[in-house]
Amino acid sequence: MVAALAFVFVATSISFALLLGLMPVPALLAMLALVASLPVTLPASHVRAGAVAAGSLLPVGLSLFAMVSGALTGVYAHEVYLRPFFAIALGRTYTNVIASTPSAAYADAGRLYFANSTALYKEFAL
């Protein structure tokens, strides 16, 4: 059982590393791998008692609900909270920027260092 769980961990880690640009794909692959490994994690006594045949699928349903809600929460948190951070932290750095340059020229900037000749016009400040 430990080998199966280690395989699932390694497989999902590799899928996240290779498919990071396609954000929903690794999450769906991880959910699929966890669903496939679910019978391994159920206790043998539970399976022998005929819980699946009797329709007692509460543990399976709760596990599926936890996996899906966890994956969706992770994707949401990444999109809302981490994307702006990475845009700033990994954005380009521009030096000697003239303040009168249109901002569209530096749309991908993470940091701007203005030129020494840049002055602040108090009448335009908020």
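The values are calculated or read from the model by the stated rules, or taken from the named source; none is laboratory data. Given the structure is predicted, the values throughout are model-derived calculations rather than measurements. We place every Cβ from the backbone using ideal geometry, glycine too, and count neighbours over all the protein chains shown. Each accessible area value is taken on the protein alone, full model and side chains, heavy atoms only, with ligands, DNA and RNA left out. Shrake-Rupley method; radii C 1.70, N 1.55, O 1.52, S 1.80 Å.
Numerical summary
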| read-out | value |
| --- | --- |
| Selection within segment 80-93 - open to solvent by 70 Å² or more (accessible area, probe 1.4 Å) and either over 30 Å from residue 119 (Cα atoms) or touching a Ser or Thr at 6+ places or on another chain (Cβ under 7 Å) (or both) | 81, 82, 83 |
| Count of residues meeting criterion [part of a loop (DSSP other than H, G, I, E, B) and surrounded by 11 or more Cβ atoms within 10 Å (Cβ to Cβ)] in segment 94-114 | 2 |
| Any hit, segment 74-92, residues being more than 30 Å from residue 28 (Cα to Cα) and at pLDDT below 85 | no |
| Unique match (being open to solvent by 60 Å² or more (accessible area, probe 1.4 Å), of a type in the set (A, V, I, L, M, F, W, C), at pLDDT below 80 and in contact with a helix residue (DSSP H, G or I) (Cβ under 8 Å, 6 or more places away or on another chain)) among 62, 5, 19, 58 | 5 |
| Checklist (1) more than 30 Å from residue 45 (Cα to Cα); (2) touching a residue at least 12 places away in the same chain (Cβ under 8 Å); (3) open to solvent by 60 Å² or more (accessible area, probe 1.4 Å) applied to residue 68, failing item | (1) |
